[in-house]
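Notes follow once the structure below has been shown.
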Amino acid sequence: GTNGAAPYAALVRGADGNFYGTTFTGGVSNWGTIFLITTNGALTNLFSFTGTNNPYQGANPGAALVQASDGSFYGTADYGGLTNASYGGHGYGAVFQFTTNGTVTVPAVFDNTNGAHPSGGLALGKDGNFYGTTTFGGSGIRGTFPGYGTVFKMTPDGTLTNIYSFTGFNDGGFPYASLVEGNDGNFYGTTYNGGTNQLGTVFSITPGGQFKALYSFMSSSVGGYPYGSLVQGSDGNLYGTTSIGGGNQFGTIFEITTNGNLTRLISFSGTSGPSLGANPLGALVQGTDGNFYGTTSLGGANGLGTIFRLSVPMPAVFKAITLSNGTATLTWSAVAGQTYQVQYSDDLTRTNWSFLTKPSVATSGVMTATDSDGIASFAQRFYRVVLE
C-alpha cells in the first residue's frame, strides 16, 4: 500500500515514453497516489495524496490522466477539495495538475453547485480547455438529493464553469464516464441512469453548453446502465458498451451515429455459448487493424471476465490518390479480415463500373492498389472501393 493500491484508471503514455497512472487508495495517507512505470516494469511512486490533511489537494483519484501541451498531467480527484463538504468533510472533489518532478497543484475544486465527485477523467478540447463530468452535484436537485451530475469546463488558468446540470429525467443522470470530443467539435458522453426508461442516455454537448439527449436505453433490447466512455471510430460513428441488458441481460456493445441512430451490435452471453463475457464496464479502443478491443468484468469460461475483439464492417475511406508516370496509386483505410475490391469509371453518367482489382482480403488497416492500364489517354477517371 505504500506505493498505492486499487488502481481503477487506465495508464497514459507520456511524451517521455513512460506510463503514468493513479491509484484510488494507498500511499502515505491512504488517499491514493500518482505513479510512473517504465516499459520494463520499474514503478516509482511520484506523489501521495494526503486527503483531509491537506484538503485543497484532492483525494482518491479514480480516472486516467491527460497530458497537456505544457507537459503537465491533469486529472480529477473523486474526493478532497473543500473541507466543509460531503461524506464526513472529505470534500466534493478537485481537478489537479501534476508535473513530472512531483509537484501537484489544484487549479479548481468542486463545491456541489458546479458539480461533485468527478468519476471520469478530463478531455482536452481542441480549444485548449478541459472538459469533464461529475457524477453528482449541480442544480438538478430534487428534494434533498444533491444533484444528478454536471458537465463542466475548465480553462488552463483554472477557471471552472458548470455548463450543464443533469435533471435525472429525459436528459439522464449520474454520468460516470469521461467525455470524448468528436470530429465535429462537440463532446459526447453517457449517463448511467435517467432517460425515458431510467436506464441511462447518450448525449452530446457543445463547448458552449448546448445539450442534446441523443438516445435513451431500453434494457430488453439494446441494454442499459452504460458505465464506460464512448470512442469515435474511424467511420465517424460512436461505439460503447452497456453493463446490463441485451438479449441475454449481460450487457451489449452498441454503435450510435452523431445524430442519435443507435444499433445494438453484440449481446454478451455470460458463461454460456461462446463465452463472450458479461457486464462490460470499461471503454472500447479501436486498434490500428480497425477492430475494437475491450474487457468484461465477469463471465467467460472461468466466470472472471474476458478480453474481446469486435470486428465491425467499416466503409473504406480513401487516404491518398497519387499520379506518377502514368500510374495512379490508391490508398484506403481497411479492416483486417474484410474483403475489398477497387472499381473505376471514366464517365459517371454511366451506371456500370469496371473492375480494377480482384476481391482481396485486408491483412492490416491500410490497403493499396495501382492503375496504369491506359490511364494517360483519359481526361478523368473515378474510383470507388467496394466492401464485399
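The values are calculated or read from the model by the stated rules, or taken from the named source; none is laboratory data. Because the structure is a prediction, the values reported are computed rather than measured. Because the Cβ atoms are built from the backbone with ideal geometry, glycine has one as well, and the counts that use them run over all protein chains shown. Areas reflect the complete protein model, heavy atoms only, side chains present, ligands, DNA and RNA absent. Shrake-Rupley method; radii C 1.70, N 1.55, O 1.52, S 1.80 Å.
For segment 243-255, which positions are open to solvent by 30 Å² or more (accessible area, probe 1.4 Å) and not in a strand (DSSP E or B)?
Within segment 243-255, the first condition is being open to solvent by 30 Å² or more (accessible area, probe 1.4 Å), and the residues that meet it are 244, 247-250, 255.
Passing the criteria: G247, N248, Q249.
Can you say whether F174 is open to solvent by 10 Å² or more (accessible area, probe 1.4 Å) and modelled with pLDDT of 95 or more, as far as the supplied structure shows? Here the answer is yes, as F174 does meet what is asked.
The rows are residues; the columns are (1) within 22 Å of the chain's Cα centre (by Cα); (2) open to solvent by 40 Å² or more (accessible area, probe 1.4 Å).
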| residue | (1), (2) |
| --- | --- |
| T257 | yes, no |
| Y293 | yes, yes |
| P315 | yes, yes |
| Y340 | no, no |
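Scanning segment 340-378 for residues that are modelled with pLDDT under 85 and basic (K, R) yields one hit, R350.
So for segment 189-196 (the condition being surrounded by fewer than 17 Cβ atoms within 10 Å (Cβ to Cβ) and out of contact with any strand residue (DSSP E or B) (no Cβ under 6 Å at 6 or more places or on another chain)), does at least one residue qualify?
Going through segment 189-196, the residues surrounded by fewer than 17 Cβ atoms within 10 Å (Cβ to Cβ) turn out to be 196.
Now restrict to residues that are out of contact with any strand residue (DSSP E or B) (no Cβ under 6 Å at 6 or more places or on another chain): none.
No, because not a single residue in segment 189-196 is surrounded by fewer than 17 Cβ atoms within 10 Å (Cβ to Cβ) and out of contact with any strand residue (DSSP E or B) (no Cβ under 6 Å at 6 or more places or on another chain).
The number of residues in segment 9-48 being closer than 13 Å to L65 by Cβ and surrounded by 15 or more Cβ atoms within 10 Å (Cβ to Cβ) comes to 18.
Please determine, by comparing only the residues of segment 268-278 that are touching a Gly at 6+ places or on another chain (Cβ under 6 Å) and open to solvent by 30 Å² or more (accessible area, probe 1.4 Å), which one is modelled with the highest pLDDT. Residue satisfying both the conditions and the ranking: S275. Screening segment 231-242 for residues that are open to solvent by 10 Å² or more (accessible area, probe 1.4 Å) and modelled with pLDDT of 90 or more and picking the one that is nearest to the chain's Cα centre (by Cα) gives V231.
Given the condition at pLDDT 95 or above and of a type in the set (S, T, N, Q), answer yes or no: does some residue in segment 99-109 qualify? Before you say what the answer is, go through the steps one by one.
Let us first name the residues in segment 99-109 that are at pLDDT 95 or above, namely none.
So far as segment 99-109 goes, no, none of its residues is at pLDDT 95 or above and of a type in the set (S, T, N, Q).
Scanning segment 200-224 for residues that are farther than 12 Å from T190 by Cα, in contact (Cβ under 8 Å) with a residue 60 or more places away in the chain and of a type in the set (A, V, I, L, M, F, W, C) returns a single hit, F211. S360 passes every criterion in (1) free of Cβ contacts under 8 Å to residues at least 40 places away in the same chain; (2) touching a helix residue (DSSP H, G or I) at 6+ places or on another chain (Cβ under 8 Å) apart from (2).
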